[in-house]
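**Student:** Before we start, here is the structure in question, set down as C-alpha cells.
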Amino acid sequence: MDQSIDSREYPLIADEDLNPAQAKAKKKAIWAWTMYDWGNSAFATTIMAAILPVYFAEYIMLGESAVPIWGWAVAIGSLIAALISPVLGAIADFRGSKKAIMVVFVALGVLSTAAMFFLTGPQHTMLTVVLYILGTIGFAGSLVFYDALLPHIAREDELDIVSSKGYAMGYIGGGLLLLINVLMIFFGPKLLPNMAESEATQLMMRLSMASVAIWWAIFSIPIFKYVLEPPAKAYEHEIGQSVVKVGFSRFFAAFKNVRKFKDLAWFMLTFFIYSNGIGTIITMATIIGNARGFSTMTLIGTLLLVQFVAAPFAMLFGKLAEKLGQKRAISLSLIIYLAIAIIGFFMSKEWHFYALGFAVATVQGGSQALSRSLVGKLMPASKSAEFYGFFSVFEKFNTVVGPLLLAIITKLTGSDRYGMISLILFFIIGIIMLQKVNIQRGIEVAEAEDALLIEVE
C-alpha cells in the first residue's frame, strides 16, 4: 500500500491493496457506520411511530383530538430539517466537518428525547410539541451527515450492500428496542402493585421514551470513534472565502447545475414520486387498519413483524442489485409495492393486514437502501453532504402529496379503499421514470466534477 495515500481515503482503495491493519480498520468503520442506523432507528419506531403518538393522545390531550396538533408538529420538524440541510451540508463539505455537525444534531435529538420522560399531563402540551419538533430536527439532520459518510467508507461497487447493511441493522435495532418497550408497557405495571394501573402504564411509557435517548446515544459512539472525517475539498475559486458564503453559493449553484447532473436530478425527482407511495403506505397503514376495525395488538404486532422481516430482505436486495443491477432491483421493489396497493383495496380481515405487512417488509428496506446508495453513486463524493442535504428535502416531502391525495379521494368517495387506488399512480409513474436514469453516465459526470475539487487544509 502506498503510504502517500491519505489515511482518510483508504476505505476507497481496492481490498487487495490494503494491509491487514487497514483492512481491519475499514471493516470496523463499516460496522460503526451501520451501528448508527441501529441506534437512531429507535427514535423512528418508538417515538415517531408507536409510543409517543399514543402517549400524546391519551395522557397529554386526554382523549381530545390530537391529530391536528400532531400533524403540525410532524410537518414543522420535517420542514425545518429539510430546509437547513443543503446549506449545512455544503458547509460541512467545505470545512471537512461532517462529523462535527452530525454530533450537534445527535446531541439535539438525544437530549430532546430524554426530556420527554418529564412530560406528565395536559400542562405539557406545548412542551411535548416543541420536544418532538427538536427531536425530529436532530434525527433527520443527523441522517444527512450520516448518509454523507457512506461514499467515504465504501467504494462505488460496495455502496449497495453497505447501505443495505445499514438499513438491516436499523430495522433490527429499532425493532428490538420497540419490542422491549412494548413488553415493558404491557407487563411492567404488574411489577408495581401499589401503583394504579393507568399511572404505572404511564410511567412505563415515559421510561420507554427515555430508553430511546440512552439507546441512541450509546450506539452513536462507534461512528464518531471509528469513521474518519473525509478530507475537505473545494473549488480553486472558493479557497479563502468564508464558510457561510461558500455554503449559500453552493446551495444556489446546485439549482443552476441541474443540467450538468441531469441523471442525479432526474433520479431525485423519480424518488420523490415513488417514495410518496411508499411513505403513504408507511404513515397511513395503522390509521387505515384502525378504520377497518383491526385491534391495537394487530397493528402493533404488524409493526414489529415489519421491523424484523425487513432486515434480511434489505440485505437480499443489496445482493439482488449486484446480480440484476440497481434499476432492476428498485423496479422489482416498486412492482411489489404496486401489487400491495392493489390488494390493499380488498383488505378486510386482520390476517390480510399481517400478510400485507409482511409483503411491505420484503421491499421497504431494499427500496430505501438502494435509493440511498444510487444517490451516492450519482453525486461527487467530495460534495456528499451537500447533495444528501438536497436528497433529504425529497425524503421529508415524500409524505405530503401521497397522504393528501389519499385523504382527498377518501373524502370524496367516502371510502379509504378508493384512496388506496391513488397509490397505484405513484408506483407506475415511478417505474417508468426510473428507466430513464442512465447510471453509468451519471457516475462519469460525478467523477469528473469530483476531479475539479482540490484538498484544502
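**Student:** Please enumerate the residues belonging to the range 310-349 that are outside any helix (DSSP H, G or I) and not charged (D, E, K, R).
**Tutor:** Within the range 310-349, GLY325, PHE345, PHE346, MET347, SER348 meet the criteria.
**Student:** Also: Residues in the range 247-270: is at least one more than 13 Å from PRO380 (Cβ to Cβ), of a type in the set (S, T, N, Q) and within 22 Å of the chain's Cα centre (by Cα)?
**Tutor:** Checked the range 247-270: at least one residue is more than 13 Å from PRO380 (Cβ to Cβ), of a type in the set (S, T, N, Q) and within 22 Å of the chain's Cα centre (by Cα).
**Student:** So, one more: Determine if the range 400-410 includes at least one residue that is closer than 30 Å to PRO230 by Cβ, surrounded by fewer than 21 Cβ atoms within 10 Å (Cβ to Cβ), under 21 Å from the mean Cα position of the chain (by Cα) and touching a residue at least 24 places away in the same chain (Cβ under 8 Å). Talk me through it step by step, then tell me what you get.
**Tutor:** Here is the first cut: in the range 400-410, the residues closer than 30 Å to PRO230 by Cβ are none.
For the range 400-410, residues closer than 30 Å to PRO230 by Cβ, surrounded by fewer than 21 Cβ atoms within 10 Å (Cβ to Cβ), under 21 Å from the mean Cα position of the chain (by Cα) and touching a residue at least 24 places away in the same chain (Cβ under 8 Å): absent.
**Student:** Of all residues in the range 81-134, which are more than 19 Å from the chain's Cα centre (by Cα), among the hydroxyl-bearing types (Ser, Thr, Tyr) and assigned to a helix (DSSP H, G or I)?
**Tutor:** THR125, THR128
**Student:** Return the residues of the range 287-297 that are surrounded by 19 or more Cβ atoms within 10 Å (Cβ to Cβ) and closer than 17 Å to VAL182 by Cβ; say none if nothing qualifies.
**Tutor:** Once the filter is applied, which keeps residues that are surrounded by 19 or more Cβ atoms within 10 Å (Cβ to Cβ) and closer than 17 Å to VAL182 by Cβ, the range 287-297 yields GLY289, PHE294.
**Student:** Something else: Which of the residues spanning the range 241-264 are crowded, with 19+ Cβ neighbours inside 10 Å and either assigned to a helix (DSSP H, G or I) or among the acidic types (Asp, Glu) (or both)?
**Tutor:** Our first condition is that a residue be crowded, with 19+ Cβ neighbours inside 10 Å; within the range 241-264, this holds for 246-247, 250, 254, 261, 263-264.
Once the filter is applied, which keeps residues that are crowded, with 19+ Cβ neighbours inside 10 Å and either assigned to a helix (DSSP H, G or I) or among the acidic types (Asp, Glu) (or both), the range 241-264 yields VAL246, GLY247, ARG250, ALA254, ASP263, LEU264.
**Student:** I would also like to ask the following. So ILE273 fits all but one of (1) under 23 Å from MET420 (Cα atoms); (2) touching a Lys or Arg at 6+ places or on another chain (Cβ under 7 Å); (3) surrounded by 17 or more Cβ atoms within 10 Å (Cβ to Cβ); (4) not hydroxyl-bearing (Ser, Thr, Tyr); what number is the exception?
**Tutor:** Looking at each condition in turn, ILE273 falls short on (2).
**Student:** Is it true that ALA329 is over 30 Å from ILE80 (Cβ atoms), touching a Gly at 6+ places or on another chain (Cβ under 9 Å) and surrounded by 22 or more Cβ atoms within 10 Å (Cβ to Cβ)?
**Tutor:** Here the answer is yes, as ALA329 does meet what is asked.
**Student:** Spot the failing condition for TYR132; the list is (1) farther than 30 Å from ALA168 by Cβ; (2) out of contact with any strand residue (DSSP E or B) (no Cβ under 6 Å at 6 or more places or on another chain), and only one is missed.
**Tutor:** (1)
**Student:** A further question on this structure: Just the residues that are farther than 14 Å from ALA210 by Cα and crowded, with 21+ Cβ neighbours inside 10 Å, please, taken from the range 31-43.
**Tutor:** Filtering the range 31-43 for residues farther than 14 Å from ALA210 by Cα gives 31-38, 41.
Of everything in the range 31-43, those that are farther than 14 Å from ALA210 by Cα and crowded, with 21+ Cβ neighbours inside 10 Å turn out to be TRP33, THR34, MET35, TYR36, ASP37, TRP38, SER41.
**Student:** State which residue pairs qualify: first residue of a type outside the set (Lys, Arg) and inside the range 331-360, second residue part of a loop (DSSP other than H, G, I, E, B) in any location, beta carbons under 6 Å apart, and separation of 6 or more residues or different chains.
**Tutor:** GLU350/PHE294; PHE353/PHE294
**Student:** Residues in the range 184-192: is at least one out of contact with any Ser or Thr (no Cβ under 7 Å at 6 or more places or on another chain) and closer than 24 Å to TRP33 by Cβ?
**Tutor:** No - not one qualifying residue is present in the range 184-192.
**Student:** Restricting to the range 330-348, name every residue that is polar (S, T, N, Q) and under 20 Å from PHE271 (Cα atoms).
**Tutor:** Once the filter is applied, which keeps residues that are polar (S, T, N, Q) and under 20 Å from PHE271 (Cα atoms), the range 330-348 yields SER331, SER333.
**Student:** While we're on this one: Among ILE161, ILE137, which is the only one that is assigned to a helix (DSSP H, G or I), aliphatic (A, V, I, L, M) and closer than 21 Å to SER367 by Cα?
**Tutor:** Criteria check complete, one pass: ILE161.
**Student:** For the list (1) out of contact with any Phe, Trp or Tyr (no Cβ under 9 Å at 6 or more places or on another chain); (2) not in a helix (DSSP H, G or I), I need the number of the one condition that LEU303 fails.
**Tutor:** Only one criterion in (1) out of contact with any Phe, Trp or Tyr (no Cβ under 9 Å at 6 or more places or on another chain); (2) not in a helix (DSSP H, G or I) is unmet by LEU303, namely (2).
Conditions tested, residue by residue: (1) in contact with a strand residue (DSSP E or B) (Cβ under 9 Å, 6 or more places away or on another chain); (2) buried (at least 20 other Cβ atoms within 10 Å of the Cβ); (3) of a type in the set (Gly, Ala, Ser).
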{"site": "ILE343", "(1), (2), (3)": "no, no, no"}
{"site": "VAL360", "(1), (2), (3)": "no, yes, no"}
{"site": "VAL375", "(1), (2), (3)": "no, yes, no"}
{"site": "MET379", "(1), (2), (3)": "no, yes, no"}
{"site": "PHE397", "(1), (2), (3)": "no, no, no"}
{"site": "THR413", "(1), (2), (3)": "no, no, no"}
{"site": "GLY419", "(1), (2), (3)": "no, yes, yes"}
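**Student:** I'd like to check which helices (runs of 4 or more DSSP H) are fully inside the range 350-457 and have at least 3 residues that are in contact with a Ser or Thr (Cβ under 8 Å, 6 or more places away or on another chain) and under 24 Å from PRO86 (Cα atoms).
**Tutor:** Once the helices (runs of 4 or more DSSP H) in the range 350-457 are filtered for at least 3 residues that are in contact with a Ser or Thr (Cβ under 8 Å, 6 or more places away or on another chain) and under 24 Å from PRO86 (Cα atoms), what remains is 350-378, 384-396.
**Student:** Which numbered condition trips up TYR354, out of (1) modelled with pLDDT of 90 or more; (2) within 20 Å of the chain's Cα centre (by Cα)?
**Tutor:** Every condition holds for TYR354 apart from (2).
**Student:** Further question: Out of PRO193, PRO231, report the one residue that is touching a strand residue (DSSP E or B) at 6+ places or on another chain (Cβ under 9 Å) and not in a helix (DSSP H, G or I).
**Tutor:** Numbers: PRO193 fails: touching a strand residue (DSSP E or B) at 6+ places or on another chain (Cβ under 9 Å).
Sole residue among the options that is touching a strand residue (DSSP E or B) at 6+ places or on another chain (Cβ under 9 Å) and not in a helix (DSSP H, G or I): PRO231.
**Student:** While we're here: Which of the numbered conditions does ALA446 fail, given that it passes all the others? Conditions: (1) under 26 Å from the mean Cα position of the chain (by Cα); (2) farther than 20 Å from LEU334 by Cα; (3) modelled with pLDDT under 85.
**Tutor:** With respect to (1) under 26 Å from the mean Cα position of the chain (by Cα); (2) farther than 20 Å from LEU334 by Cα; (3) modelled with pLDDT under 85, ALA446 is out only on (3).
**Student:** List pairs: first in the range 245-269 and touching a residue at least 60 places away in the same chain (Cβ under 8 Å), second assigned to a helix (DSSP H, G or I) and loosely packed, with under 14 Cβ neighbours inside 10 Å, Cβ under 7 Å, 6+ apart or cross-chain?
**Tutor:** Between residues of the range 245-269 that are touching a residue at least 60 places away in the same chain (Cβ under 8 Å) and residues that are assigned to a helix (DSSP H, G or I) and loosely packed, with under 14 Cβ neighbours inside 10 Å, the close pairs are ASP263/ARG441.
**Student:** Moving on. When you check MET169 against the structure, is it part of a helix (DSSP H, G or I) and more than 21 Å from the chain's Cα centre (by Cα), yes or no?
**Tutor:** Here the answer is no, as MET169 does not meet what is asked.
The values are calculated or read from the model by the stated rules, or taken from the named source; none is laboratory data. Quick caveat, the model's predicted, so the values are computed rather than measured. Cβ sites come from the backbone with ideal geometry, for glycine too, and all protein chains shown count toward neighbours.
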